[in-house]
Amino acid sequence: MWKKGIKKRNKKTAVLLAAAILAGSFTGMVNDADAVAYSSKQTGTWLWDTTQIKSAPDKIFEFAEAQGINAIYLQINRDVQIPYYKEFIRKASAEGIEVQILDGRPSWGLTESREGLRSFIEWIEKYQAQAEENEKFAGIHVDIEPHVLAEWKTNRDSVVAQWQSNVEYLTSEADRLGLKITADIPFWLDNYTVPGGEMKISSWMIRKFDAVTVMAYRDTANAIYNAAASELEEAALLGKEVSIAVETNRSNEGDFITFYEEGCEYMLAELQILDQKASKHDSYIGISVHDFANWSNLVNR
């Protein structure tokens with residue numbers, strides 16, 4: 001894995017390695033670094049601690065450059081003043097990085113939380129109206145995951161129906177605002193069907209959103225690809241987009257969930273293989289690494 005002592009010395013190589021992974025051109029050590037081009041595919045990450053755009057924006061951009069990141073899912077934080085968002089997105093735009101506004105919580109799967117969704121949309125609409133073109137969010141990104149609610153086990157059909165209703169609201173509002181909307185979904189969602197029907201929940205979600213980020217949290221390329229394959233295939237048929245997400249945070253669900261144990265070099269090698277496998281699908285737009293903080297920690301170990 002990359003150690004602190006070599007990270008700065010090999011910063012350019014790190015950029016090119018990350019780009020080569022998503023370009024499908026990494027075959028080991030890059031001998032002629034200048035010959036490797038950046039990929040047009042998306043390399044995204046979640047930035048949950050929004051205060052960093054105020055306290056440490058340069059560190060964010062340095063890390064983004066080093067890892068080839070060109071999409072940041074930035075969580076809304078109303079305690080961070082609007083000028084900080086504008087400045088951050090303006091700098092990100094100049095660096096070729098798109099910023100999507102992020103929020104969500106399990107309770108957003110219930111209709112009783114509709115007011116929270118309305119507040120989220122209202123904040124976005126007001127922000128977009130006062131921002132210059134290079135200060136605007138490129139899209140909306142939601143992470144809802146109602147499967148962690150107790151009600152999922154006791155009355156799943158009711159939860160799913162409420163989740164569908166809230167998704168209808170969110171996608172309708174995103175369309176009204178002219179913003180692409182992406183949702184995080186677990187890879188196993190295709191094990192369940194919508195209430196009163198035979199359609200898989202994952203299929204329904206793919207149809208409603210412009211794109212989905214499939215949380216295929218495994219630590220080998222084959223396992224990750226197999227977890228996301230059905231969503232990639234279906235999205236391609238529907239003309240929708242899929243980003244495949246991997247995890248870097250420590251997990252108590254087993255050592256096969258995350259790259260936390262193996263480190264960055266191993267992760268890069270597996271993501272290169274994953275990219276080659278997934279690129280045959282027209283729906284595939286790239287890889288998302290969860291999340292900024294833990295990915296940074298992994299690199300700095």
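The values are calculated or read from the model by the stated rules, or taken from the named source; none is laboratory data. This one's a predicted model, so the numbers in the text were calculated from it and none came from an experiment. Glycine also receives a Cβ, built like all others from the backbone with ideal geometry; neighbour counts cover every protein chain displayed. Surface accessibility is based on the protein's heavy atoms, side chains included, excluding ligands, DNA and RNA. Shrake-Rupley method; radii C 1.70, N 1.55, O 1.52, S 1.80 Å.
Results, tabulated for the structure shown:
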item: Residue in the stretch 179-188 that is in contact (Cβ under 8 Å) with a residue 12 or more places away in the chain, open to solvent by 30 Å² or more (accessible area, probe 1.4 Å), part of a strand (DSSP E or B) and not aromatic (Phe, Trp, Tyr) present; result: yes
item: Close pairs (6 angstrom Cβ cut-off, 6 or more residues apart or separate chains): under 10 Å from Cys264 (Cβ atoms) in the stretch 279-301, among the acidic types (Asp, Glu) and open to solvent by 40 Å² or more (accessible area, probe 1.4 Å) anywhere; result: none
item: Total residues in the stretch 239-278, condition touching a residue at least 40 places away in the same chain (Cβ under 8 Å), in contact with a Lys or Arg (Cβ under 8 Å, 6 or more places away or on another chain) and surrounded by fewer than 17 Cβ atoms within 10 Å (Cβ to Cβ); result: 1
item: Scan of the stretch 268-284 for residues that are part of a loop (DSSP other than H, G, I, E, B) and under 19 Å from the mean Cα position of the chain (by Cα), ordered by number; result: Ser279, His281, Asp282, Ser283
item: Test set (1) outside any helix (DSSP H, G or I); (2) free of Cβ contacts under 8 Å to residues at least 60 places away in the same chain; (3) buried (at least 20 other Cβ atoms within 10 Å of the Cβ) - Asp79 fails condition number; result: (3)
item: Verdict on Tyr225 being touching a Leu at 6+ places or on another chain (Cβ under 9 Å), without any contact (Cβ under 8 Å) to a residue 60 or more places away in the chain, more than 20 Å from Gln75 (Cβ to Cβ) and not hydrophobic (A, V, I, L, M, F, W, C); result: yes
item: Test set (1) crowded, with 17+ Cβ neighbours inside 10 Å; (2) under 21 Å from the mean Cα position of the chain (by Cα); (3) modelled with pLDDT under 95 - Trp2 fails condition number; result: (2)
item: Residue match in the stretch 156-172 (condition: at pLDDT 95 or above, closer than 23 Å to Thr45 by Cα and open to solvent by 10 Å² or more (accessible area, probe 1.4 Å)); result: yes
item: Every pair of residues 6+ apart whose Cβ atoms lie under 6 Å, when the first sits in the stretch 112-139 and is touching a residue at least 40 places away in the same chain (Cβ under 8 Å) and open to solvent by less than 40 Å² (accessible area, probe 1.4 Å) while the second is in a helix (DSSP H, G or I) and hydrophobic (A, V, I, L, M, F, W, C); result: Glu135/Ile89
item: Cβ-Cβ under 7 Å pairs, at least 6 apart or on other chains, the stretch 195-210 side under 17 Å from His147 (Cβ atoms), far side among the small types (Gly, Ala, Ser) and open to solvent by 10 Å² or more (accessible area, probe 1.4 Å); result: Pro195/Ala161
item: Condition check for Tyr169: in contact (Cβ under 8 Å) with a residue 24 or more places away in the chain and under 18 Å from the mean Cα position of the chain (by Cα); result: no
item: Top-ranked residue of the stretch 131-142 - restricted to ones that are of a type outside the set (A, V, I, L, M, F, W, C) and in a loop (DSSP other than H, G, I, E, B), ranked as farthest from Asp49 (Cα to Cα); result: Glu132
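Quick grid of which residues meet (1) under 20 Å from Ser165 (Cβ atoms); (2) more than 16 Å from the chain's Cα centre (by Cα); (3) in a loop (DSSP other than H, G, I, E, B):
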| site | (1), (2), (3) |
| --- | --- |
| Ile89 | no, yes, no |
| Ser93 | no, yes, no |
| Gly96 | no, yes, yes |
| Ser107 | yes, yes, no |
| Glu115 | yes, yes, no |
| Ser119 | yes, yes, no |
| Trp123 | no, yes, no |
| Ala129 | no, yes, no |
| Ile144 | yes, no, yes |
